[in-house]
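The values are calculated or read from the model by the stated rules, or taken from the named source; none is laboratory data. What you see is a predicted model, and the numbers here were worked out from it, not measured in a lab. Cβ placement follows ideal geometry from the backbone for every residue including glycine, while neighbour counts extend to all protein chains displayed. Heavy atoms of the whole protein, side chains included, go into the accessibility calculation; ligands, DNA and RNA do not. Shrake-Rupley method; radii C 1.70, N 1.55, O 1.52, S 1.80 Å.
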Amino acid sequence: MSAREIHVIVVGVSVAGIKVAKTLATFGKTGGYPNLRITLVDRNAYHYHALGAPRSIVDKEFGKKLIFPLSTLLTPHEADPYSPKHRFIHAELTSVSATNVILSDGQSLPFDYLVLSTGARNRLPANLRSSTLADAQEEAARMHDTVARAESILVVGGGAVGVEMAGEIGHAYPDKSVTLVHSGPRLLPLNFKPAISEGAVAKLKKVGVTVYLNEKISIPADTPFDCTIRPLTLTGVSGREYTSDLQILVTGTQLHTEYMESLESALGTPLRDARGALLVNKYLQLDSPQFTNIFVPGDVNNLPAGAKFALKAAEQAASVAQNLIALIKAPEAGKPAVLKPWDGSLMNLILVPIGRNMGVFQGMGLTLGNSWWGDVMARNMKGKDYFLSQKEKDFPPRKP
Ligand SMILES: Cc1cc2nc3c(=O)[nH]c(=O)nc-3n(C[C@H](O)[C@H](O)[C@H](O)COP(=O)(O)OP(=O)(O)OC[C@H]3O[C@@H](n4cnc5c(N)ncnc54)[C@H](O)[C@@H]3O)c2cc1C
């Protein structure tokens, strides 16, 4: 048992942040470190289970369930509920120094260890913009109602999320006109087999979605594309015109890591790449010898695009948590911590539901494109609830 006070701050409480925080809180409670304090910081008061967004735009009740309060995330992990060690702060990280984080509410918090898991931003309806839980519930309902009212919907971007969105809308609303336009030669990431892309096109067709490939749409910079009804005609490089009253853009994510600017100027070296991704070493520490106590798991780091999935973010977070535990235990052990690199070589799979009954799958040596087995896998492994029941296990039970 160690009486040492150790303060870990986790900024960004989503897939990666939740995994690190819960692993550390359990370690503090059961591993002999009762004075390990965890401060969670997020700009939103809730966690949004974004994986379920494609279903939420066609199923309002399901959408409500994707939103979880962050304030009670670690409550079950308190060693003494009457003397809580952990807390949640609803604020935005604005700046990082070598020893402190500065938050949008003006607080400056010192840390022994810092986890930056601030992820990446997507356009509506793939993410929500609200800050409070009540507003998020309303916003999710508004996304649903907008899709319900639209008669013609254009989805731009044929990655997994675009395919899922188009498939869900096509399945739920057979009478709407749904078009999916993709700039690449085939749907879904190119590191998966062509049979997966072909299967996706065939199955989208079955739910009434028209797919255009090799088509780059010219997107007007002054239009917000915020999931509101806006009749618009957009033109592709082919010259074809796409008229719709709702446009859903799923064309990539944005990083907002301006909070690193002051530290970068103090050091005189960049800590981010040109996209704004935080540079990491093989242990997922911020890639600077001064900051071995700052870890960066998940979508915000500069690992390649193939690592930008919830599965990978969670794997990285598990690795970061184990390295943090090794560092925390080192003084009592009387020897330096031995850190383990994140090998990044773990399972590579894709599982894409297309509506409620169909889908494609590649992984574990199987390629299930335009086949009945693809439907079975996608429906049973993901299409039922987009992993919501697994996510629910991360949080205390909801109040009825
Ligand atoms: C619609 C959709 C469907 C997806 N489906 C799948 C799927 O089926 N399978 C899969 O593996 N992956 C999927 N993904 C990708 C997956 O969601 C991401 O890879 C994963 O969420 C990354 O987790 P993260 O913790 O790194 O960051 P994020 O989930 O992006 O979370 C970042 C957190 O940081 C907070 N934050 C950001 N900036 C600040 C700041 N300055 N101060 C305070 N807080 C901040 C945010 O509010 C957020 O809570 C999907 C993504 C989307 C959008």
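Being open to solvent by 30 Å² or more (accessible area, probe 1.4 Å) and on the phi > 0 side of the Ramachandran plot is a condition met by no residue of segment 159-168.
No other residue among 229, 169 is over 30 Å from residue 304 (Cα atoms) and within 15 Å of the ligand (Cβ to nearest atom) apart from 169. With respect to the stated conditions, residue 101 fails to be in contact (Cβ under 8 Å) with a residue 12 or more places away in the chain and either more than 10 Å from the ligand (Cβ to nearest atom) or open to solvent by 30 Å² or more (accessible area, probe 1.4 Å) (or both).
Of all residues in segment 371-394, those that are buried (at least 18 other Cβ atoms within 10 Å of the Cβ) and either among the aromatic types (Phe, Trp, Tyr) or in a loop (DSSP other than H, G, I, E, B) (or both) total 1. Within segment 324-345, the set of residues being open to solvent by less than 80 Å² (accessible area, probe 1.4 Å) and assigned to a loop (DSSP other than H, G, I, E, B) comprises 334, 337, 339, 341, 342, 344. For segment 110-122, the tally of residues that are crowded, with 18+ Cβ neighbours inside 10 Å and either more than 9 Å from the ligand (Cβ to nearest atom) or more than 23 Å from residue 157 (Cβ to Cβ) (or both) stands at 6. Based on this model, can you work out whether residue 291 counts as open to solvent by less than 40 Å² (accessible area, probe 1.4 Å) and more than 16 Å from the ligand (Cβ to nearest atom)? Yes: the conditions hold for residue 291.
Condition check for residue 376 on (1) free of Cβ contacts under 8 Å to residues at least 24 places away in the same chain; (2) within 16 Å of the ligand (Cβ to nearest atom): one failure, at (2).
For the residues 250, 296, the requirement of being modelled with pLDDT of 95 or more and within 30 Å of residue 330 (Cα to Cα) singles out 296.
Restricting 79, 91, 45 to residues that are over 17 Å from residue 317 (Cβ atoms) and open to solvent by 40 Å² or more (accessible area, probe 1.4 Å) narrows the list to 79. With respect to the conditions (1) open to solvent by 20 Å² or more (accessible area, probe 1.4 Å); (2) within 16 Å of the ligand (Cβ to nearest atom); (3) touching a residue at least 24 places away in the same chain (Cβ under 8 Å), residue 107 falls short on a single one, namely (3).
Do we have residue 301 as among the polar types (S, T, N, Q), at pLDDT below 95, under 24 Å from the mean Cα position of the chain (by Cα) and within 12 Å of the ligand (Cβ to nearest atom) here?
When the stated conditions are applied, residue 301 does not pass them.
Residues in segment 304-329 that are more than 15 Å from the ligand (Cβ to nearest atom) and of a type outside the set (Gly, Ala, Ser): 322, 323, 324, 325, 327, 328, 329. Within segment 344-400, being within 20 Å of residue 313 (Cα to Cα) and of a type in the set (Val, Ile, Thr) holds for 350, 352.
Within segment 245-280, which residues are in a loop (DSSP other than H, G, I, E, B), surrounded by fewer than 18 Cβ atoms within 10 Å (Cβ to Cβ), out of contact with any strand residue (DSSP E or B) (no Cβ under 7 Å at 6 or more places or on another chain) and not β-branched (Val, Ile, Thr)? Residues satisfying the conditions are 252, 268, 270, 273, 274, 275, 276. Residues in segment 386-400 that are within 16 Å of the ligand (Cβ to nearest atom) and of a type in the set (Lys, Arg): 391 alone. Within segment 226-244, if we keep just the residues that are in a strand (DSSP E or B) and among the small types (Gly, Ala, Ser), the residue that is surrounded by the most Cβ atoms within 10 Å (Cβ to Cβ) turns out to be 244. Summed over segment 70-115, the residues that are in a strand (DSSP E or B), touching a strand residue (DSSP E or B) at 6+ places or on another chain (Cβ under 6 Å) and under 23 Å from residue 394 (Cβ atoms) give a count of 7.
For residue 348, indicate whether it is part of a helix (DSSP H, G or I), out of contact with any Lys or Arg (no Cβ under 9 Å at 6 or more places or on another chain), over 29 Å from residue 77 (Cα atoms) and of a type outside the set (Gly, Ala, Ser).
no
For segment 20-41, the set of residues classified as within 16 Å of the ligand (Cβ to nearest atom) and crowded, with 24+ Cβ neighbours inside 10 Å consists of 20, 21, 24, 38, 40, 41, listed by residue number.
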